[in-house]
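**Student:** The structure follows.
The numbers here are math on the coordinates, done by the rules we state, and not lab data. Small disclaimer: the values here were computed from a predicted structure and weren't measured. For neighbour counting, all protein chains shown are included, and Cβ atoms are generated from backbone atoms with ideal geometry for every residue, glycine included.
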Amino acid sequence: MRLHTLRLRGITEAFPNEVCVDFEALGPGLIAIVGENGAGKSTLIGSVFAALFRQLPGQKRSLYDFATHPQPEIDLTFSVNGARYRSLLRIDPKSRQMESYLFNGEGKPLTNGKKEPFEELVRKCAGTPDFFLSSKSSSEHLLLYDQDLIMNRKLEKSLLALGWCRVGLHIKCGA
């Protein structure tokens, strides 16, 4: 799986407003998402999983419980084996309803917003949640670490020597 773009709105306190990440603009290679505790690194990466499986990984609470906006959304554009897709979750925290759409590369809807057809098609594209979390595809181009861990400069130099690149991604939330 290759990530292209991720747009979040109203998902946890870290992203109360809209934020967009264009992974393609960052170029090839490993992308390190760096930030202080509470900045939203885990939410950002977890939102990739949530866009596909309608749940933040490792959470027992539903996405409704994390909403910080009246109309939260998770919008992920990705490709699998060269085929491009867009997943769009529209979350209504008041009614505790969620519309789940999957579109093809031309923008044609492949699902009708209902949970079951969405889950069935996502499983064909990305596998089960357990498979996704255990596979390299879930984090093939992402490295998540807190700035506290950067204190190990020897480890960082070793990773850089192996061809990894360190990109500090500073996310600005829209007004």
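**Student:** Being touching a Ser or Thr at 6+ places or on another chain (Cβ under 7 Å), assigned to a helix (DSSP H, G or I) and within 27 Å of GLU13 (Cα to Cα) is true for just one of LEU121, LEU52, LEU76, LEU133. Which residue is that?
**Tutor:** On the way: LEU121 fails: within 27 Å of GLU13 (Cα to Cα); LEU76 fails: assigned to a helix (DSSP H, G or I); LEU133 fails: touching a Ser or Thr at 6+ places or on another chain (Cβ under 7 Å).
One residue alone meets the criteria, LEU52.
**Student:** Within region 100-117, take every residue that is in contact with a helix residue (DSSP H, G or I) (Cβ under 9 Å, 6 or more places away or on another chain) and closer than 21 Å to ARG9 by Cα and give me the one that is surrounded by the fewest Cβ atoms within 10 Å (Cβ to Cβ).
**Tutor:** Going through region 100-117, the residues in contact with a helix residue (DSSP H, G or I) (Cβ under 9 Å, 6 or more places away or on another chain) turn out to be 100-102, 110-112.
Among the residues that remain, those that are also closer than 21 Å to ARG9 by Cα are: 100-102.
Details: SER100: 25, TYR101: 18, LEU102: 23.
Per the criteria, the residue is TYR101.
**Student:** Can you pull out every residue in region 97-118 that is acidic (Asp, Glu) and within 18 Å of ALA83 (Cα to Cα)? Give the derivation first.
**Tutor:** Looking only at region 97-118, we keep the residues that are acidic (Asp, Glu), and these are 99, 106, 116.
GLU106 - this is the single residue of region 97-118 that is acidic (Asp, Glu) and within 18 Å of ALA83 (Cα to Cα).
**Student:** In this structure, is VAL34 out of contact with any Gly (no Cβ under 7 Å at 6 or more places or on another chain) and among the β-branched types (Val, Ile, Thr)?
**Tutor:** On the way: out of contact with any Gly (no Cβ under 7 Å at 6 or more places or on another chain): no; among the β-branched types (Val, Ile, Thr): yes.
So VAL34 does not fit the description; no.
**Student:** Same structure, new question: What's the total number of residues in region 54-81 that are exposed (fewer than 15 other Cβ atoms within 10 Å of the Cβ) and of a type outside the set (A, V, I, L, M, F, W, C)? Lay out the reasoning, then the answer.
**Tutor:** Taking region 54-81 as the starting set, the residues that turn out to be exposed (fewer than 15 other Cβ atoms within 10 Å of the Cβ) are 58-61, 65, 70-71, 79-81.
With the extra rule that they be of a type outside the set (A, V, I, L, M, F, W, C), the set shrinks to 58-61, 65, 70-71, 79, 81.
Total meeting the criteria: 9.
For (1) touching a helix residue (DSSP H, G or I) at 6+ places or on another chain (Cβ under 8 Å); (2) farther than 28 Å from GLY105 by Cα, each residue gets a yes or a no:
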residue	(1), (2)
ARG7	no, no
GLU13	no, yes
CYS20	no, no
SER47	no, no
ALA51	no, no
GLY58	yes, yes
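**Student:** Can you tell me which of ARG84, ARG96 is basic (Lys, Arg), under 19 Å from VAL21 (Cβ atoms) and surrounded by 12 or more Cβ atoms within 10 Å (Cβ to Cβ)? Please lay out each step first, then the result.
**Tutor:** On the way: ARG96 fails: under 19 Å from VAL21 (Cβ atoms).
On inspection, the qualifying residue turns out to be ARG84.
**Student:** If ASP22 passes every condition in (1) surrounded by fewer than 19 Cβ atoms within 10 Å (Cβ to Cβ); (2) within 23 Å of SER134 (Cα to Cα); (3) under 14 Å from the mean Cα position of the chain (by Cα); (4) without any contact (Cβ under 8 Å) to a residue 60 or more places away in the chain but one, which one does it miss?
**Tutor:** (2)
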